[in-house]
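Structure, as structure tokens:
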Amino acid sequence: MLTLRPNARTCLASCLVGLLASCNGSSGGGSPAPAPALTVKTQLPAPGSTVAIDTAVTLVFAADPEPDPATLTAAALQVADGAGPLPGSHQYDATTRTWTWIPSRELPRGARLTASVADSVRSLEGGRLAAAVSWDFHVRAGVPASPVTLATGVVTSALGPPSLYVSTLDNGDAMVVAGSQSWDWTSSGVSAPLTVPGSAVHGFHLDAAGEAVVVTLNGGLGVGVPINSATRSFGSPWSASQTIFSSGGGHPLSAKLSVNAAGDRMLYVPIGFTSPTHSRHYVVWASGASPSAWQTSPSSLATFVSTVVLTELDGTGKVATLRRDGTFLIAERHDRAEGTMQVYTVAQGSVSPMGLMASDDGTLRAVWRDVGITRQSFAAPGSSFGVPTDVPVFLPNTTNWRVAPSGALLGWGGTQAVRSAASSAEWSETTLAAQPLAGAISPRGEAVFIYFRLPNELMLLRWRPGELIDPPLLIATVNGPFVAFRDGAITVDEVGRVTVAFVPNSPGDLIGVRIE
């Protein structure tokens, strides 16, 4: 039997405590030693730099400690503009400790981007980042190409709805419609004009697959006008004209064509009558599965002897309207596929509808003027409208609205422009250098305008989410009289490519400009 003296037992106990502390990573005081911090050695692009539209974002970690690859997730490294994160993929090379974000599409031209790393990133030992990693850089601005004369002797009308349209495909090819003719504009040049069957176009849409649809008012804006449609594929002739309905004893006041990503179509045509003074509001709809089978909406949507009626088509194929009925502001949401109708009282009092916007998910936003104030309210899909909130910016009495698929909106009237993010009570406003000739909003919420700086300079304005409006950019100089009727159309895609078509004097040249 082994017997230890008291001082030997004390020495053994001390040795055991030291051994356990060493195994547990503790100091002599008993507190765990922190894992070494993870350090980012290099981050590219450099903060504050200006980069090309195909630039990737790269981080290189220091050799010791190494990052835990399991924490290098897609959510942990994001690159965002003012509208939110951009789509991209991730790669990690353990040999060089390099983590890369690769954009899925070109970066939005001219945008300020922010790259940020989440606090969830860890080293293999569980250590956190030594410091927060987030920095800004800019994408190079869009550059205007030389103007292209698409056609000569083009006539657009100063009366009635606009008759000049432009839309683009993902590859940048464009279709331009002016009056009753259309042109395909590709990198190879401009096609010969194609005559649209019927009369002047009063509604146009080009989808991502290159399928176009137009609405024509045969005979113009007279009494008893047939409202027709025609379709074509990019690079192919127009189909025969199809009559949707006739204005009967009235005359069309305007026409609005809406098409969603599923191919569902809505056409809204208010018909005016002289005696008695009233109007009939036609709303017709066709599904993406049967685009030529137009259906007239029920009378509750079609006939109003009164006031302004606003219509929208959402991404689920539902038609919505907003109108005043006496002292009530009434919204209706009609599901043509299911044959159901939802009716909502949005507000009551001395109200005037100003805007109705629909997002792809079916969320509605109603904007109206009350006594001395402007208000808004939202309705989620299948739900009634919520508690109204005040709109904190000035809205002109006549406001042109453009809505992104997300529900982000742009509005302008005169030189006043406003914007609001999807489902947001916050608004921004700015004063433009001149009244726009045309305006548009991209799928990511970037606003663009064109205007003439008299007498002959066509200018472009960009206004991105979360940023101040850009300085004006000269995109074309044309010859023309100081006083002339000028028409223009503009479109912008999600990577900030802008395509413009304009007529500096009618009749005159139809000119196109690309800003890439």
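The values are calculated or read from the model by the stated rules, or taken from the named source; none is laboratory data. On a predicted model such as this, the values are computed, not experimentally measured, just so you know. Cβ sites come from the backbone with ideal geometry, for glycine too, and all protein chains shown count toward neighbours. Surface accessibility is based on the protein's heavy atoms, side chains included, excluding ligands, DNA and RNA. Shrake-Rupley method; radii C 1.70, N 1.55, O 1.52, S 1.80 Å.
Which whole-number percentage describes the relative contact order of segment 104-233, with Cα contacts under 8 Å and a sequence gap of 6 or more? Walk me through the intermediate numbers first.
On the way: 208 pairs, mean separation 18.1, N = 130.
Over segment 104-233, the number comes to 14 percent.
Among residues other than R122 whose Cβ falls under 11 Å from its Cβ, what is the net charge (Lys/Arg +1, Asp/Glu -1)?
Numbers: positive: R128; negative: E66, D68, D119, E125.
My count for the surroundings of R122 gives -3.
Using Cα atoms only, what is the angle between the long axis of helix 6-23 and the major principal axis of the chain, expressed in degrees (0 to 90) to the nearest 10?
Between helix and principal axis, roughly 20 degrees.
Cβ under 14 Å from V143's Cβ, V143 left aside: what net charge do those residues give with Lys, Arg +1 and Asp, Glu -1?
Details: positive: R109, R140, R462, R497, R514; negative: E106, D470, E516.
Result for the neighbourhood of V143: +2.
When the helices in the chain are scored as -39500 (n - 2.57) per DSSP H run of 4 or longer and the sum is shared across all residues, what 222 nm value do you end up with, to the nearest 500 deg cm²/dmol? Spell out each step's value before the answer.
Details: 2 runs with 22 residues, N = 516.
Per the formula, -1500 deg cm²/dmol.
Heavy-atom accessible area per residue, segment 164-293, 1.4 Å probe: how many Å²? Walk me through the numbers on the way to the answer.
Details: 4880 Å² over 130 residues.
Here the residues of segment 164-293 average 38 Å² of exposed surface.
Along the charge dipole of the chain, Cβ charges K/R +1 and D/E -1, which of H334, P193, M354 sits furthest on the positive end?
Toward the positive end, the furthest listed residue is M354.
Tell me the label-point distance for the pair V60, S134, using the 7 Å Cα-to-Cβ offset, in nm and rounded to one decimal.
2.6
Projected onto the charge dipole of the chain (+1 at Lys/Arg Cβ, -1 at Asp/Glu Cβ, origin at the Cα centre), which of V319, L468, G488 gives the Cα projection farthest towards the positive end?
L468
Normalising by the residue count of segment 315-452, find the relative contact order in percent from Cα pairs under 8 Å and 6+ residues apart. Spell out each step's value before the answer.
Details: 315 pairs, mean separation 19.6, N = 138.
With pairs under 8 Å counted, the relative contact order is 14 percent.
Normalised radius of gyration for the chain, please: alpha carbon Rg relative to 2.2 N^0.38 Å, two decimal places. Working shown, then result.
Working: Rg = 30.0 Å, N = 516, 2.2 N^0.38 = 23.6 Å.
Relative to the 2.2 N^0.38 Å estimate, the chain comes out at 1.27.
So what are the radius of gyration and Dmax for the Cα set of segment 112-188, in Å?
24.4, 73
Points 7 angstrom from Cα along the Cβ direction at A75 and A293: gap in nanometres?
It works out to 4.3 nm between the two label points.
Considering the dipole of the chain built from charges on the beta carbon (Lys and Arg +1, Asp and Glu -1) around the Cα centre, which of S506, T95, A447 is farthest to its positive end?
A447
Place a +1 charge on the Cβ of each Lys and Arg in the chain and a -1 charge on the Cβ of each Asp and Glu, then give the dipole magnitude about the Cα centre in debye, rounded to the nearest 20. Walk me through the numbers on the way to the answer.
Details: 31 positive and 37 negative charges, 117 e Å.
Its charge dipole is roughly 560 debye.
Any chance you could check the Cα centroid distance between segment 394-433 and segment 303-370 for me, in angstrom?
Each part reduced to its Cα centre gives a spacing of 19 Å.
Over the chain, what is the mean sequence separation of C-alpha contacts under 8 Å (at least six apart), divided by residue count, expressed as relative contact order in percent?
Numbers: 1268 pairs, mean separation 52.9, N = 516.
About 10 percent, as a whole number.
Leaving out ligands, DNA and RNA, what percent of the accessible area of the chain is carbon and sulfur, probe 1.4 Å? Intermediate results must be reported in sequence, preceding the final value.
Numbers: 12330 of 22710 Å².
The computed percentage sits at 54.
Could you work out how much longer the chain between L468 and R453 gets when fully extended? Use 0.36 nm per residue separation minus the Cα distance between them, nm to one decimal. Could you put the intermediate results ahead of the total?
Values: separation 15, 0.36 × 15 = 5.40 nm, distance 2.06 nm.
Length difference between fully extended and current span is 3.3 nm.
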